[in-house]
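Asker: To start, I am sharing the structure in question, which I have written as structure tokens.
The values are calculated or read from the model by the stated rules, or taken from the named source; none is laboratory data. Just so it is clear, the model here is predicted, and its values are computed rather than measured. So basically every Cβ, Gly included, is an ideal-geometry build from the backbone, and we count neighbours across all protein chains shown. Just so you know, the surface numbers come from the protein's heavy atoms only, side chains and all, with ligands and any DNA or RNA stripped out. Shrake-Rupley method; radii C 1.70, N 1.55, O 1.52, S 1.80 Å.
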Amino acid sequence: MAAVDAGWTVIGIDNLEAKVAQINSGKSPIEDISDIQLQTALASGAYRASIGFSSIAKASVITICVPTPLDEKREPDLSFLQSAAAAIAPFVSNETLVVSESTSYPGTLRDIIIPTVDSLKPKNSIKVYYASAPERVNPGDPVWNQKNTPRLVGAVDAASQVKALAFYESICDAAVSVSTPEVAEAAKLLENTFRLVNIALINEFTQLCAATGINVHEVIDAATSKPYGFMPFRPGVGVGGHCIPVDPLYLTWWARQNGARAEFVETADSINREMPKYVGQRALELIDSSITKPRVLILGVAYKPGVSDVRETPVSEVRDYLKSQGAEVAWHDPLVPTWEGSKPVNIEWECDVAILAIRQQGIDLKILVSRGTPILDCTNSFKLRTGVTSL
Ligand SMILES: NC(=O)c1ccc[n+]([C@@H]2O[C@H](COP(=O)([O-])OP(=O)(O)OC[C@H]3O[C@@H](n4cnc5c(N)ncnc54)[C@H](O)[C@@H]3O)[C@@H](O)[C@H]2O)c1
């Protein structure tokens, strides 16, 4: 949509037929893009979706932005990236710019995408330009979007850099030129690993404070009064979504491939992964110990506030831990219609304790407070309210 707004004609390729049909019918699959915005772009002819890769044959720019998840060993799964590179290759034409926007470890463009495209492109004589420009998106953010977030651009040669900068300068307010694709790829991993380790630090610090009766939020507020050298992070149920818990493991894997270890990052990952169990334990501590099969209501199951996305949500581990302790668990999230095969309950569901895991608009605690149900607030939303305990 940013490219459409900048005057480009855009074709969105996806191998999910249902998604393509949904988009072409004017129903946006992405919360930050409204149906109206999509419908306007479709009606003007500036945008359409397709499952046919041949429709990119006339493209002067091809951006690859497919998922880069972890496999069952929690290692990089580049299968989507590899299949996308192979699928575009027969349709690149002379002087096409191919950009990788997917998050991956340094060397992905040069070692995986380029050899794949070069080996499958129609003719050897075709010159293809290559760059890396990692996507920076914060879903649900009302301030920062594709246009006003500066974009890193690192290409394999000077001519590719000129083309890639021109493209991103046309769709973003600022493109930031870096010397190689590897710098851009590494910077993306640094950005998200920075968040992971700081969240881990505050999650660990929270447990230290709670054990000694200190309110960690008051400590964070106090430290934030320092005008330099400190940035506040808040504790929570863990780390969710398809970026912050995933991307740092691309970094740890890449380190191992190069004979090193990113121990600090590995430790941060394990601290965050222990957080759901800690949250479950704190919630069970709020229940009368005579109750043998406690009923626990989890409020908010998306991976963060304001979105319906439940990918990698740490709330799954909270639920699993509570169930392993014999609890009956139900959930409520105004933005999530189904979650891992289950349906939400009404907020009035009778329970012994409620966990406010993610703050979603439309979650009203009044009924629980008036009933005297203890609430563990992992979001620091209800400070000093009777019956509400902060993480
Ligand atoms: N979504 C974000 O908030 C965000 C932010 C920053 C970076 N990223 C990165 O951007 C990349 C894409 O993330 P996403 O959340 O948009 O992914 P996503 O899971 O929404 O997938 C995007 C689409 O790619 C399609 N797809 C998969 N393989 C394909 C193929 N071979 N050919 C054509 N289509 C294919 C999928 O069907 C899906 O519709 C990832 O590397 C991610 O880490 C995402």
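Asker: For residue 50 and residue 119 in the same chain, what is the full-extension length gain: residue separation times 0.36 nm, less their Cα-Cα distance, in nm?
Answerer: Separation in residues times 0.36 nm, less the Cα-Cα distance, equals 22.4 nm.
Asker: In addition: Apply the Karplus curve 6.51 cos²θ - 1.76 cosθ + 1.60, θ = phi - 60°, to the phi angles in region 287-292 and return the couplings in whole Hz, x for Gly and Pro.
Answerer: Values, residue by residue: 9, 4, 5, 6, 7, 8 Hz.
Asker: Taking the Cβ of residue 156 as the centre, find all other residues whose Cβ is under 13 Å away and add up their charges (Lys, Arg: +1; Asp, Glu: -1).
Answerer: Around residue 156, the surrounding residues sum to -2.
Asker: Under 19 Å from the 7 Å Cα→Cβ point of residue 28, by amide nitrogen: which residues of region 288-325?
Answerer: Answer for this model: 304-310.
Asker: Which value, in Å² rounded to 10, gives the accessible area of residue 144 with a 1.4 Å probe and all protein chains present?
Answerer: 140 Å²
Asker: Also, I was wondering about something else. Round to the nearest 0.05 the FRET efficiency obtained for residue 158 and residue 195 when R0 = 30 Å and r is the Cβ-Cβ distance.
Answerer: The calculated FRET efficiency here is 0.35.
Asker: Also: Note down the relative contact order for region 118-175 as a percent, whole number, built from C-alpha pairs under 8 angstrom at least six residues apart.
Answerer: Dividing the mean separation by the residue count of region 118-175 yields 34 percent.
Asker: Would you compute, from DSSP H runs of 4+ residues alone, the mean residue ellipticity of the chain at 222 nm, taking -39500 (n - 2.57) per run and dividing by the full residue count, rounded to the nearest 500?
Answerer: The helix contribution divided over the chain gives -11500 deg cm²/dmol.
Asker: Can you tell me how much longer the chain between residue 179 and residue 274 gets when fully stretched, taken as 0.36 nm per residue apart minus their C-alpha distance, in nm with one decimal?
Answerer: 30.3 nm is the gain from fully extending residue 179 to residue 274.
Asker: Please list 16, 284 from largest to smallest accessible area, probe radius 1.4 Å, with all protein chains kept in place.
Answerer: Largest accessible area first, the residues go 16, 284.
Asker: Take the alpha carbon atoms of region 103-129, find their center, do the same for region 44-92, and report the distance between the two centers in whole angstrom.
Answerer: If we compute the Cα centre of each part, the gap is 13 Å.
Asker: Charges on Cβ only, +1 for Lys and Arg, -1 for Asp and Glu, centred on the Cα centroid of region 279-391; of 353, 298, 378, which one is farthest towards the dipole's positive end?
Answerer: 378
Asker: Moving to a separate point now. Give the span of region 1-100's Cα atoms along each principal axis, as three whole-Å numbers ordered largest to smallest.
Answerer: 43, 34, 22
Asker: Sticking with this one: What's the magnitude of the charge dipole for region 241-346 around its Cα centre, counting Lys and Arg as +1 and Asp and Glu as -1 at the beta-carbon? Answer in Debye, nearest 20.
Answerer: 160 debye
Asker: Something else now. Quick check: residue separation of residue 255 and residue 79 times 0.36 nm, minus the Cα distance between them. What number comes out in nm?
Answerer: Between residue 255 and residue 79, full extension yields 61.3 nm more.
Asker: Using θ = phi - 60° and the Karplus form 6.51 cos²θ - 1.76 cosθ + 1.60, what ³J(HN,Hα) does each residue of region 263-279 get, whole Hz, x for Gly and Pro?
Answerer: Karplus values, whole Hz, x for Gly and Pro: 4, 4, 5, 4, 5, 4, 4, 6, 5, 5, 6, 7, 4, x, 5, 4, 4.
Asker: Rank 215, 249, 94 by how far each Cα sits towards the positive end of the charge dipole of the chain (+1 on Lys, Arg Cβ; -1 on Asp, Glu Cβ) and give me just the farthest.
Answerer: Result: 94, furthest along the dipole toward the positive end.
Asker: From a point 7 Å beyond the Cα of residue 111 in the direction of its Cβ, which residues of region 227-264 have a backbone N at a distance under 19 Å?
Answerer: So the set is 247-263.
Asker: Which whole-Hz ³J(HN,Hα) couplings does region 82-92 yield from phi under the Karplus relation 6.51 cos²θ - 1.76 cosθ + 1.60, θ = phi - 60°, glycine and proline marked x?
Answerer: 5, 6, 5, 4, 5, 6, 7, 3, x, 10, 6
Asker: Compute log10 of I(q)/I(0) for the chain with the Debye formula, placing one identical point scatterer on every Cα and leaving out solvent, at q = 0.14 Å⁻¹, to two decimals.
Answerer: Computed log10 I(q)/I(0) values: -1.26.
Asker: Which residue, 115, 245, 294, has the most motion in a Gaussian network model of the chain that connects Cα atoms within less than 10 Å?
Answerer: Result: 115 has the largest fluctuation of those listed.
Asker: I want to verify a result. In a Gaussian network model of the chain, Cα cutoff 10 Å, which of these has the top mean-square fluctuation: 370, 179, 381?
Answerer: 370
Asker: Give a quick list of chymotrypsin sites (Phe, Trp or Tyr not before Pro) in region 208-280 that DSSP marks as loop, anything other than H, G, I, E or B, with at most 13 other Cβ atoms within 10 Å.
Answerer: Sparse-neighbourhood loop chymotrypsin sites (Phe, Trp or Tyr not before Pro): 228, 230.
Asker: Another question about this same structure. Between residue 221 and residue 367, take the C-beta separation as r, use R0 = 41 Å, and let me know the FRET efficiency to the nearest 0.05.
Answerer: My answer for the efficiency is 0.90.
Asker: Net charge near residue 382: determine it from the other residues with C-beta under 13 Å of the C-beta of residue 382, scoring Lys and Arg +1 and Asp and Glu -1.
Answerer: It works out to a net charge of +2.
Asker: Rounding to the nearest 20 debye, state how big the charge dipole of the chain is about its Cα centre with +1 on each Lys and Arg Cβ and -1 on each Asp and Glu Cβ.
Answerer: 280 debye
Asker: Follow-up question, since we're still on this one. For region 295-378, run through the GluC sites (Glu not before Pro) and keep only the ones in DSSP coil with at most 14 other Cβ atoms within 10 Å of their Cβ.
Answerer: Passing both the DSSP loop test and the Cβ count: 340, 348, 350.
Asker: Further, regarding this structure: Excluding the sites themselves, what is the longest stretch of the chain that contains no trypsin sites (Lys or Arg not before Pro) in a DSSP loop with at most 16 other C-beta atoms within 10 Å?
Answerer: Answer - 148-260.
Asker: While we're on this one: Can you give the relative contact order of the chain as a percent, counting alpha carbon pairs under 8 Å and 6+ residues apart?
Answerer: Across the chain, relative contact order equals 11 percent.
Asker: In a Debye calculation with equal point scatterers on the alpha-carbon sites of region 280-367 and no solvent, what is log10 I(q)/I(0) at q = 0.15 Å⁻¹?
Answerer: The Debye formula, applied to the Cα set alone, gives -0.51.
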